Amino acid sequence: MNIAKPNSYRSGPDERGHFGIFGGRFVAETLMPLILDLEKAYTAAKADPAFQAEMNGYLKNYVGRPSPLYFAERLTEHLGGAKIYLKREELNHTGSHKVNNVLGQIMLARRISKKRIIAETGAGQHGVATATLCARFGLECVVYMGAVDVERQQPNVIRMEMLGAKVVPVQSGTRTLKDAMNEALRDWVTNVHNTFYCIGTVAGPHPYPTLVRDFQSVIGNETRAQMQEIEGRLPDSLVACIGGGSNAMGLFHPFLDDPSVEIFGVEAAGHGLTQLHAASIAGGRPGVLHGNRTYLLMDADGQIQDAHSISAGLDYPGIGPEHSWLHEVGRVNYLSATDDEALAAFQLLSKLEGIIPALEPAHAIAKVMELAPKRPRDHLMVVNLSGRGDKDVPQVGDILRGKSK
Amino acid sequence: MTTRIDTRFAELAKQGRSAFVTFLMAGDPDPATSLEIIKALPKSGADVIEIGMPFTDPMADGPSIQAAGLRALKAGMTLKKTLELVRGFRKDDNATPIVLMGYYNPIYIYGVDKFLADAKSAGVDGLIIVDLPPEEDDELCLPAMKAGLNFIRLATPTTDDKRLPAVLANTSGFVYYVSITGITGAAAADSTAVSEAVARIKRHTKLPVCVGFGIRTPETARAIASHANGAVVGTALVDALKNSLDAEGRATAKTVNAVAELTAALAQGVKGAQQAAE
């Protein structure tokens, strides 16, 4: 496809929420007035120094930012190529990057006086972050989670409940993240008068993909400054896993206009791209779901297909619209890693660095294992370690024991 | 351009009564039974027929209509077969308006221009697409108008006076007022609130206003129809259909009649209503 290169990769979306043909506002009329209000509120908040100052305070003292940029010496030696740095988002309060976005959205919800917060969650990391900040600010919290995910991510379900949230197992459809999102949208359309929908990724109707990206961009902005301080220059490449794509967008966005920086997004290839997987760009095409046009897994009739990934957080048949656009304009390279590759990376990082990653960023590590050895020793590669693996310990333990039998 | 929808509402206005609008899912529980059911609707008293286009992820629908869509998809229903269903219906009935209702993705994948041409030739009169607000009119609404199909917009309790003109601007056929903030099959709105909302919409448009969501019984249908130009019933009919199925979800000898009988009872309710003052 021949698409004209834009002057900047960071100027989107347009005023109607489009990144090229992607994005938009494909929602029921009931929600439209609220989405327009949210856009106004966000524009005002962005221009309000008090909002930013308050947020920075919580990011520092409650979330624990900045997160370290850590040189993974033994992984680097083991792979024998690029110098690998881990952006330690797993050290944030609640254990993943999700809290950056939730903090921003909860502060927006307070600005527009919504007292009831709903969220969808896959792995449970966004649900936990939402439950946490609702507890902190005394807000009612309802989290929709596919019944399949409730089973495989029990530790996070228990955490959310301890934090005072109500976790609703979703029994409709495939009972995973996409169905949780459907159910959250149904709740929102019903309780629109008092409810704020805290979306966990860079998807959904405009302005969500933009505001989530902006709240997550703290990851890339910090990385830029930290790398400057440590190495005195920009990194040469960035790697991050992608379900909806919020941790990736947060790392990538501040670097999109630096042509020397190679950027890799890693989708979940599940059992492999010819079988059940969750790689929307590798195996999908543009369609409309959950409020935006983007790459989706679907059949010839436009029916959404089941995604599969070992990682509940990547188990989604779509991807944020800005990623679809960055793919089409060729700025970001989208790769994919299978369940088995992610499991191997999960073990490697645990043993070499003493860091148990979540299964989601284990997909990114899996591609680092391929990319790093092919690059010179002075190549600086940053991988977003978007979450910690505590939640996955029971599941991975079962898999590994089953395999060793 | 006058469509079957315009003609039907003009006739009903002359008779001084409101329209009874039915909703069922195309292909539920299977394509053949679905055609029989839809053919039975006009003689049971349906004035306008809405047919759902099955979709895996119906974000504005409650459990009953979600399940109906999944039954239809399981039975092999596709958008192409939905258009064949309409074509089958049109062999015997060239007067009852048919409105297709659903979500945008299957149409987008089918191809907008091809879909509009095929829908028109199959005998479709209008479209209700839940996830296309006026902000996305370029996608389907404007091309549909050009193709001679009515694009029927949903107005909701959150559509205030400031926003109504934008919602009504490219609407034709009728306006579908969603009586509650919520999903299909939820609780009914009270008829006083509905009457005020319909009056508010009518200050902005000459189009007929039909009311739906939460109407399940002949009594509610009558109460709502007395304040509007039409009452829409979906979930109750879908439930009647479902209750007639066997344990495996297949049609039985009772299925067509179960829907026809409830349609007739609801139609009596609507016909008992006094047409709202224009």
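For this structure, a couple of remarks:
- Some residue of the stretch B:32-40 being more than 25 Å from residue B:257 (Cβ to Cβ) and outside any loop (DSSP other than H, G, I, E, B): no
- Any chance residue A:368 is surrounded by 17 or more Cβ atoms within 10 Å (Cβ to Cβ) and not in a loop (DSSP other than H, G, I, E, B): yes
- Only a single item in (1) away from chain B (no Cβ under 14 Å); (2) in a loop (DSSP other than H, G, I, E, B); (3) under 27 Å from residue B:131 (Cβ atoms); (4) not hydroxyl-bearing (Ser, Thr, Tyr) is not met by residue A:7, and it is number (3).
- Scanning the stretch B:181-196 turns up no residue that is surrounded by 18 or more Cβ atoms within 10 Å (Cβ to Cβ) and without any contact (Cβ under 8 Å) to a residue 24 or more places away in the chain.
- In the stretch A:1-58, of all residues being surrounded by fewer than 21 Cβ atoms within 10 Å (Cβ to Cβ) and aromatic (Phe, Trp, Tyr), the one that is farthest from the chain's Cα centre (by Cα) corresponds to A:51.
- Within the span defined as the stretch B:254-273, one or more residues are surrounded by fewer than 20 Cβ atoms within 10 Å (Cβ to Cβ) and within 29 Å of residue B:158 (Cβ to Cβ).
- Filtered by the rule that a residue be facing chain B (nearest Cβ under 9 Å) and without any contact (Cβ under 8 Å) to a residue 40 or more places away in the chain, the stretch A:183-219 gives A:186, A:190, A:193.
- Reported count of residues in the stretch A:266-311, each being part of a loop (DSSP other than H, G, I, E, B), more than 8 Å from chain B (Cβ to nearest Cβ) and either crowded, with 24+ Cβ neighbours inside 10 Å or in contact with a Phe, Trp or Tyr (Cβ under 8 Å, 6 or more places away or on another chain) (or both), is 9.
- Candidate set from the stretch A:30-62 (those that are charged (D, E, K, R), part of a helix (DSSP H, G or I) and at pLDDT 95 or above); member that is nearest to residue B:59 (Cα to Cα): A:39
- Within this structure, residue A:336 fails the test of being in a loop (DSSP other than H, G, I, E, B) and either under 16 Å from the mean Cα position of the chain (by Cα) or surrounded by fewer than 21 Cβ atoms within 10 Å (Cβ to Cβ) (or both).
- If you filter the stretch B:61-100 down to residues that are assigned to a strand (DSSP E or B) and surrounded by 24 or more Cβ atoms within 10 Å (Cβ to Cβ), you find that the one that is nearest to the other protein chains (Cβ to nearest Cβ) is B:100.
- Selection of the stretch A:372-389 for residues being within 22 Å of residue A:230 (Cα to Cα), in contact with a strand residue (DSSP E or B) (Cβ under 8 Å, 6 or more places away or on another chain) and not charged (D, E, K, R) yields A:372, A:379, A:380, A:381, A:382, A:383, A:384, A:385, A:386.
- Candidates B:54, B:58, B:31 - the one that is buried (at least 18 other Cβ atoms within 10 Å of the Cβ) and within 14 Å of the chain's Cα centre (by Cα): B:54
- Number of positions in the stretch B:221-253 that are at pLDDT below 95 and either farther than 23 Å from residue B:63 by Cα or buried (at least 20 other Cβ atoms within 10 Å of the Cβ) (or both): 7
- Residue A:286 vs. criteria over 23 Å from residue A:361 (Cβ atoms) and of a type outside the set (Lys, Arg): yes
- Scanning the stretch B:135-144 for residues that are surrounded by fewer than 19 Cβ atoms within 10 Å (Cβ to Cβ) and not hydrophobic (A, V, I, L, M, F, W, C), we see that the one that is farthest from the other protein chains (Cβ to nearest Cβ) is B:143.
Residues checked against (1) more than 11 Å from chain A (Cβ to nearest Cβ); (2) acidic (Asp, Glu); (3) surrounded by fewer than 17 Cβ atoms within 10 Å (Cβ to Cβ):
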residue	(1), (2), (3)
B:146	yes, no, yes
B:157	no, no, no
B:161	yes, yes, yes
B:164	no, no, no
B:173	yes, no, no
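- Within the set B:8, B:71, the sole residue that is modelled with pLDDT of 95 or more, under 29 Å from residue B:146 (Cβ atoms) and of a type in the set (Lys, Arg) turns out to be B:8.
- Of all residues making up the stretch B:61-106, the number that are under 17 Å from the mean Cα position of the chain (by Cα), within 25 Å of residue B:137 (Cβ to Cβ) and touching a residue at least 40 places away in the same chain (Cβ under 8 Å): 10
- When residue A:148 is tested against (1) among the aliphatic types (A, V, I, L, M); (2) in a strand (DSSP E or B); (3) surrounded by fewer than 24 Cβ atoms within 10 Å (Cβ to Cβ), only condition (2) is not met.
The values are calculated or read from the model by the stated rules, or taken from the named source; none is laboratory data. Worth saying up front: this structure is predicted, and the values here are computed from it rather than measured. Note that we place each Cβ from the backbone using ideal geometry, even for glycine, and neighbour counts take in every protein chain shown.
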